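The block underneath contains the structure these notes are about, expressed in structure tokens.
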There are 4 protein chains.
Amino acid sequence: MKNKIRVSIIGARGYTGQELVHILASHPYAEMGHLYASEEGEHLFDEEFPRFAGRASLKIEKWDLDKWKKDEDLFFLALPHGVSMSVAPALLKAGVKVVDLSADYRIQDTQAFEKWYHTPHIDSASLKKAVYGMPELHRDEIKKADLVANPGCYPTSALLPIAPLLKSKEIDFDSIIIDSKSGVSGAGRKASLATQFAEVTENFKAYGITTHRHTPEIEEQLSLGLEQKVEVNFTPHLLPINRGILSTIYLDLKKKLHQKEVLARVSRFYEKEPFVRVRQYEKLPEIQDVVGTNYCDIAVRVDPRTERIILVAVIDNLVKGASGQAVHNMNLMCGFDETAGLI
Amino acid sequence: MKNKIRVSIIGARGYTGQELVHILASHPYAEMGHLYASEEGEHLFDEEFPRFAGRASLKIEKWDLDKWKKDEDLFFLALPHGVSMSVAPALLKAGVKVVDLSADYRIQDTQAFEKWYHTPHIDSASLKKAVYGMPELHRDEIKKADLVANPGCYPTSALLPIAPLLKSKEIDFDSIIIDSKSGVSGAGRKASLATQFAEVTENFKAYGITTHRHTPEIEEQLSLGLEQKVEVNFTPHLLPINRGILSTIYLDLKKKLHQKEVLARVSRFYEKEPFVRVRQYEKLPEIQDVVGTNYCDIAVRVDPRTERIILVAVIDNLVKGASGQAVHNMNLMCGFDETAGLI
Amino acid sequence: MKNKIRVSIIGARGYTGQELVHILASHPYAEMGHLYASEEGEHLFDEEFPRFAGRASLKIEKWDLDKWKKDEDLFFLALPHGVSMSVAPALLKAGVKVVDLSADYRIQDTQAFEKWYHTPHIDSASLKKAVYGMPELHRDEIKKADLVANPGCYPTSALLPIAPLLKSKEIDFDSIIIDSKSGVSGAGRKASLATQFAEVTENFKAYGITTHRHTPEIEEQLSLGLEQKVEVNFTPHLLPINRGILSTIYLDLKKKLHQKEVLARVSRFYEKEPFVRVRQYEKLPEIQDVVGTNYCDIAVRVDPRTERIILVAVIDNLVKGASGQAVHNMNLMCGFDETAGLI
Amino acid sequence: MKNKIRVSIIGARGYTGQELVHILASHPYAEMGHLYASEEGEHLFDEEFPRFAGRASLKIEKWDLDKWKKDEDLFFLALPHGVSMSVAPALLKAGVKVVDLSADYRIQDTQAFEKWYHTPHIDSASLKKAVYGMPELHRDEIKKADLVANPGCYPTSALLPIAPLLKSKEIDFDSIIIDSKSGVSGAGRKASLATQFAEVTENFKAYGITTHRHTPEIEEQLSLGLEQKVEVNFTPHLLPINRGILSTIYLDLKKKLHQKEVLARVSRFYEKEPFVRVRQYEKLPEIQDVVGTNYCDIAVRVDPRTERIILVAVIDNLVKGASGQAVHNMNLMCGFDETAGLI
């Protein structure tokens, strides 16, 4: 247990930035340093976002490396992909810990990164030391890391249910299909025509079929666990809701396997995890079961007719899929109780 | 009954533009001329908006006065306020009829216009000849007009229920309160942060209290009917729905008046109107009763305790509040059956 | 072309019943006979459902076989599963044509029906003569039928995209996964806790995994086309919208097949179909593209990395998935233009 | 400061019951006693409502006075109107404190109660001792009370903005109009056709105009403050959202009064209140500013043209409008820090 650390956010106005402010405002071991954004605020943060009234009465400062006071211990980067890697090196060099919520340090295979993100990687030095911040899979490395790459929202919802099964020889891992459905906040907070209310309400669509950039992130982590290269179909869809992801995952069996046994394997894997709840009863997980929380709820089904495993996982994309997991990572990096501020 | 006329739209990509395309695509006496917008389309209209597939396979042309072919009989201007008045004069001069869906020709009092819209009026010549296009109030003038100012959505929902009572001496017309609630499409089709799905869903707010620009339009029309100047409180609110307006209107009584009598006055006024339905039974009008239609449904209540009349009116803001009423005006201007294409 | 036929609905108060009234009210060759329900109406149909004001001013009569006037040519049965088969025999015996919107006559394999629906089949005599009412697959039989079993909403969205590929030897048909997402109206109009607004809004869930009753219907029709028994995984999900289904379908390839070729096969199959639109351009189908219409929009993708076909189909569950398809069937059974009342 | 008290809920399955469980699960000075309902649960509370997984693993017990163990200090009654008054007397007699969330003890004028609720009042003895549980208005009495009548959701949103102005001689209190809009959870958790998702989404309606049962509650509290009888127009509307109420309130001025002065009066009144935030800047309150919190946010406008005050207030109907205010009352009754468990 340590004293309070001082924490700043770059990108405080976005949805993940706001969620970080919300969590940190009642965190027992962290105090808010600076709220940075691309433009200075005319009003205090809690006047621009009145739901924070009285809980975050800070100025919104324009991030400027040259004027940086270096009075914080840890940074959350809630920045667009491609921007984080231009900011992180200076922070790391100054001895500050960094949790990056962009994709910039999630994928070790820079070729894959550049192919799927259509942008060169400009900081492979930091990348090598970056740890993929999924505590359930990489807890020990996260504890020692200075730079943590916070996982993508979709990959969180896909990897958590599959991970416990990666040692199962009965499964054909070339068959993985991940059919995911996400709320609109996943697209970030920006003025966009496609995410206008009138375009989304009473609507639903698939997008980025076979081309979504979370695919290589999912594949790299699965390949790591399987110790062999794997390719998946990942199909994202846009739900007419604000927050939440539900992923339905299909895996073919090569050999018979009972639902009970699959459920047992997944349950054992997460026995001691504070934020993964595996359903032991019939009710399937719904997005409302986890909205506003850092939980991932998982259900397991096996269809004996088609010999296929079907997994369902739900998360809040802004919490377990972003800012909650980021604070979980901070807790680990700083030696705090890992659930601090999250339950 | 006339032959088919040729009709063009400037501003075809907006929500009112699309609704015009939708209505005109099955109109018996109008054929689509050109679909104009501020930017040329890369794809055909029904590829950019696939719900029109097969019903509007036209190019989207950039509007350019110099290249205008003048091969149409009537124009719908679905343009932002301030822009219509820079386009209309040339069309009128060329002998084309114009239905303008902006506010530019709705208010005869240019001082009021300039005060509430914060922009100078640059076409008072056309304004003088413009007719306020609410068929229930100005049918005969519309029939003879070359330029019709299509009413605002909120004013439509406010004026229709009040208009039948303007001769009622029992009412204190200084007491008018119009509490209106509108769907998001009323804000137009543009990339805006305030109307992002995540900002609107599970939310509700008032806006523009005492300052909304539909106020002088409502006041001018009421004053015209009353033959005296009247000022009202008009309070718009933003509903988390796509289409529809519900206005709740409060009027103080100076003298007792029974609900039956008020209902009778309103019912008589609209007896022969094809698009106004006055509720004779208890069920109150809901927005879903009129969405997708050109109807305005009205209910009448009198509270004998407080001696106040309460009126409720619902419309689809894109149909009766915009494009449906615009086609109604076109029908009248061209001598067609006035319900053509609308029922 | 024939004269107007007289048509009645049993179950007029439900969502499919109301949608039938809506379509039939402007059908050129059908006139409304009786509106039957399980309880007599206190008010006229268009007072109980004011959006129909002026379009369906009929009494709601309690259905009673003994008091039946037999003054109609065709019945739509918009009844719960298990009820239709207690009503249809008497109608058929009296020489009336029947389009049944329940599941009672959709599945020829009564064993499968009884297993999945947990109810005995009590009218196998009519079942034998019943035709599965998907015009794109069974048009000629429908034209000659007296009893048509209108397809389920989910099966419509699943069969239409897969059907054109059933002769493709490159596809492994044991691999079919149908991940479907439906609006709430699919659950019917009844007071239920699970479909209360507060339980559905900002929520999303899977249900009936491996057990949904539309599975045997899909499997029987696919097996018929394939001329061999096939089993599929069908996973329905509940969307927080009123109307619409989107199905995402995965098929493994045994041999390479280019997207172009798959798209060509599907497009050719539907070349002359009035209500199936196959996307020739990049934009994926969205539910809003078809809501309120009888269209099914289909997109085709092939992932060369995983060698898998991905199909996306959207329909309005109350129109193409129920009442629109039912009227399409009526048009075929009665020799009308098959798009009458539907475009 | 006292030790932990033991608290039970009757009606734990409803929306206000669930919200009580949610708040109490992390309350520092209260521990959960029993969760009672009208039917025993088959599963634990957190299996029936999985979002509580691990936070409320209690049985759901059928409430039965004869089997009552009397092992608690305080009861929350989250029961329908008319039921609470049949339960409360026995609890009070046994020396247990009671916070009643129904309307049964809110209105001292039993004639008014019986007229608006169409039911006889059967416990006037307790009623006399009951305190209206709005801490901002009756804090001192609540501290001493054994029976607190928790205010209605609409009255909370109406009384808080008006209360600070009741001494203002410039206002005509016969002119009060309260135009309120509420989310669906206000109707309670029950299988009802009117609140089905498909009936509410993309819809909006007024209901209970001039007849809603919260009217006499509002009037009694206002009359108390004014020391004279007042009658108001209260018009509720149903919003397509789960939680939240926004009330727009209109008051006529008899004499000029500047917005600044009205704002100052309201602000002073709530200066020390922990849960009322009066807007000092331009942004109007939105429902999302308070959802999930015990805050009431208030904005003040004066229209100098019409000489009318317009007040806007937002609350979460399940928190400040029900369970949050109930816990606030419990805190006061038990001598706890009054914000315990609520911030």
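The values are calculated or read from the model by the stated rules, or taken from the named source; none is laboratory data. Being a predicted model, the structure only gives us computed values, none of them experimental. All Cβ positions, even for glycine, are placed from backbone atoms using ideal geometry, and neighbour counts span all protein chains on display. With ligands, DNA and RNA removed, areas are computed over all heavy atoms of the protein, side chains included. Shrake-Rupley method; radii C 1.70, N 1.55, O 1.52, S 1.80 Å.
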**Report entry** Axis proximity, chain D to A: residue whose C-beta lies nearest, plus whole-Å distance
**Finding:** D:Glu202, 3
Query raised in the report: With every protein chain left in place, what is the accessible area of D:Arg305 in Å² (1.4 Å probe, nearest 10)?
Result: 70 Å²
Query raised in the report: Once label points are set 7 Å from the Cα along Cα→Cβ at both A:Tyr281 and D:Lys70, what is their separation, rounded to one decimal in nm?
Result: 3.2 nm
**Report entry** Rounded FRET efficiency, nearest 0.05, which uses the C-beta distance separating C:Glu141 from A:His81 and R0 of 60 Å
**Finding:** 0.65
Requested in this report: With both partners inside chain A, how many of the DSSP beta bridges are antiparallel, as a percent to the nearest 5?
Outcome: 45 percent
Query - Those residues of segment D:58-89 whose amide nitrogen sits under 16 Å from the label point placed on D:Asn3, 7 Å along Cα→Cβ - result: D:71-74
Report task. Two decimals is fine: what is log10 I(q)/I(0) at q = 0.12, 0.15 Å⁻¹ for segment C:75-204, from a Debye sum with one equal scatterer on every Cα and no solvent? Result -> -0.59, -0.87
Report task. Would you be so kind as to identify which of C:Pro161, C:Tyr207, C:Ser267 lies farthest towards the positive end of the dipole of segment C:154-317, taking Lys and Arg as +1 and Asp and Glu as -1 on Cβ and the Cα centre as origin? Result -> C:Ser267
Query raised in the report: On average, how many beta carbons from a partner chain sit within 10 Å of the beta carbon of a residue in A:8-14?
Result: 0
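For B:His27, D:His81, give the ranking by accessible area with the largest first, probe 1.4 Å.
D:His81, B:His27
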Query - Separation between Cα centres of segment B:247-322 and segment A:108-157, rounded to whole Å - result: 61 Å
Report task. In debye, nearest 20, what is the charge dipole magnitude of the protein assembly as shown about its Cα centre with +1 on Lys and Arg Cβ and -1 on Asp and Glu Cβ, if you could check? Result -> 0 debye
Report task. Count, for each residue of D:281-291, the Cβ atoms from other chains sitting within 10 Å of its Cβ, then give me the mean as a whole number. Result -> 6
Query raised in the report: So for the pair C:Glu261, B:Ala191, with labels modelled 7 Å out along Cα→Cβ, what separation do we get in nm?
Result: 4.0 nm
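Could you order D:Asp303, D:Asp172 by accessible surface area, starting with the largest, using a probe radius of 1.4 Å? List each step's numbers first, then the result.
On the way: D:Asp303 5, D:Asp172 50 Å².
Reading off the accessible areas and sorting them downward yields D:Asp172, D:Asp303.
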Requested in this report: Using only the Cα atoms of segment D:33-82, build the gyration tensor, take square roots of its eigenvalues as a ≥ b ≥ c, and label the shape rounded, prolate or oblate: rounded if a/c is under 1.5, else prolate if a/b is larger than b/c, else oblate.
Outcome: prolate
Query raised in the report: Excluding C:Glu170 itself, what net charge comes from residues whose Cβ is under 13 Å from its Cβ, given Lys and Arg +1 and Asp and Glu -1?
Result: +3
Query raised in the report: Cross-link partners among aspartates and glutamates for A:Lys59, C-alpha distance below 13 Å, same-chain residues fewer than 8 apart left out?
Result: A:Glu39, A:Glu40, A:Glu42, A:Asp46, A:Glu47, A:Glu48
Query - From the C-alpha gyration tensor of chain D, square roots of 5λ in Å - result: 33, 21, 20
Query - DSSP beta bridge pairing in the protein assembly as shown, given as percent antiparallel to the nearest 5 - result: 45 percent
Query raised in the report: If you place +1 on the Cβ of every Lys and Arg, -1 on the Cβ of every Asp and Glu, and leave all else neutral, what size is the dipole of segment C:154-317 about its Cα centre, to the nearest 20 Debye?
Result: 260 debye
Requested in this report: Report the dimensions of the protein assembly as shown along its three principal axes from the alpha-carbon atoms, largest first, rounded to Å.
Outcome: 84, 84, 73
Query raised in the report: Kirkwood hydrodynamic radius of segment A:96-139 from all distinct Cα pairs, in Å?
Result: 11.3 Å
Query raised in the report: Semi-axes of segment A:154-317's equivalent ellipsoid from the Cα gyration tensor, sqrt of 5 times each eigenvalue, largest first, rounded to whole Å?
Result: 28, 18, 14
Report task. Report, in deg cm²/dmol and to the nearest 500, the calculated mean residue ellipticity at 222 nm for chain C, where each DSSP H run with n ≥ 4 adds -39500 (n - 2.57) and the sum is divided by the residue count. Result -> -7500 deg cm²/dmol
Report task. Read phi for every residue in segment D:226-234 and hand back ³J(HN,Hα) as whole Hz from Karplus 6.51 cos²θ - 1.76 cosθ + 1.60, θ = phi - 60°, with x for Gly and Pro. Result -> 7, 6, 6, 6, 10, 10, 10, 9, 10
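May I ask you to give the percent of accessible area on the protein assembly as shown that is carbon plus sulfur, with a probe radius of 1.4 Å?
Values: 24800 of 51350 Å².
Carbon-and-sulfur percentage of accessible area, whole number: 48.
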Query raised in the report: So how much accessible area does C:Tyr207 have, in Å² to the nearest 10, using a 1.4 Å probe?
Result: 70 Å²
Report task. Would you mind counting up the charge near B:Val314? Only other residues with Cβ under 13 Å from its Cβ, with Lys and Arg at +1 and Asp and Glu at -1. Result -> +3
Report summary line: Note on segment C:154-317: contact order normalised by length, alpha-carbon pairs under 8 Å, 6 or more apart, percent, works out to 31 percent
Report task. Using θ = phi - 60° and the Karplus relation 6.51 cos²θ - 1.76 cosθ + 1.60, list the HN-Hα couplings for segment B:242-251 in order, rounded to whole Hz, with x at every Gly or Pro. Result -> 6, 10, x, 10, 10, 10, 10, 10, 10, 9
Query raised in the report: With respect to the cross-link table entries B:Lys129/B:Lys169; B:Lys62/B:Lys190; A:Lys4/A:Lys70; C:Lys167/C:Lys254, which display a Cα-Cα separation exceeding 22 Å?
Result: B:Lys129/B:Lys169
Query raised in the report: In debye to the nearest 20, how big a dipole does chain D give about its Cα centre with +1 on each Lys and Arg Cβ and -1 on each Asp and Glu Cβ?
Result: 660 debye
Query raised in the report: From the Cα gyration tensor of segment B:200-265, with a ≥ b ≥ c the square roots of its eigenvalues, which class applies: rounded if a/c is under 1.5, or else prolate if a/b is larger than b/c, or else oblate?
Result: oblate
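Tally Lys/Arg at +1 and Asp/Glu at -1 over every other residue whose Cβ is under 11 Å from the Cβ of B:Ala326; what's the total?
Numbers: positive: B:Lys320; negative: B:Glu19, B:Asp100.
Neighbourhood net charge equals -1.
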Query - Ranked order, C:Thr156, B:Thr210 - accessible area, probe 1.4 Å, largest first - result: B:Thr210, C:Thr156
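Say R0 is 41 Å: what FRET efficiency, to the nearest 0.05, do C:Lys169 and A:Tyr207 get from their beta-carbon distance?
Values: r = 31 Å, r/R0 = 0.76.
Step by step, r from the Cβ atoms, then E = 0.85.
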Report summary line: Counting only protein heavy atoms and leaving out ligands, DNA and RNA, the solvent-accessible surface of B:Val148 at a 1.4 Å probe, in Å² to the nearest 10, equals 0 Å²
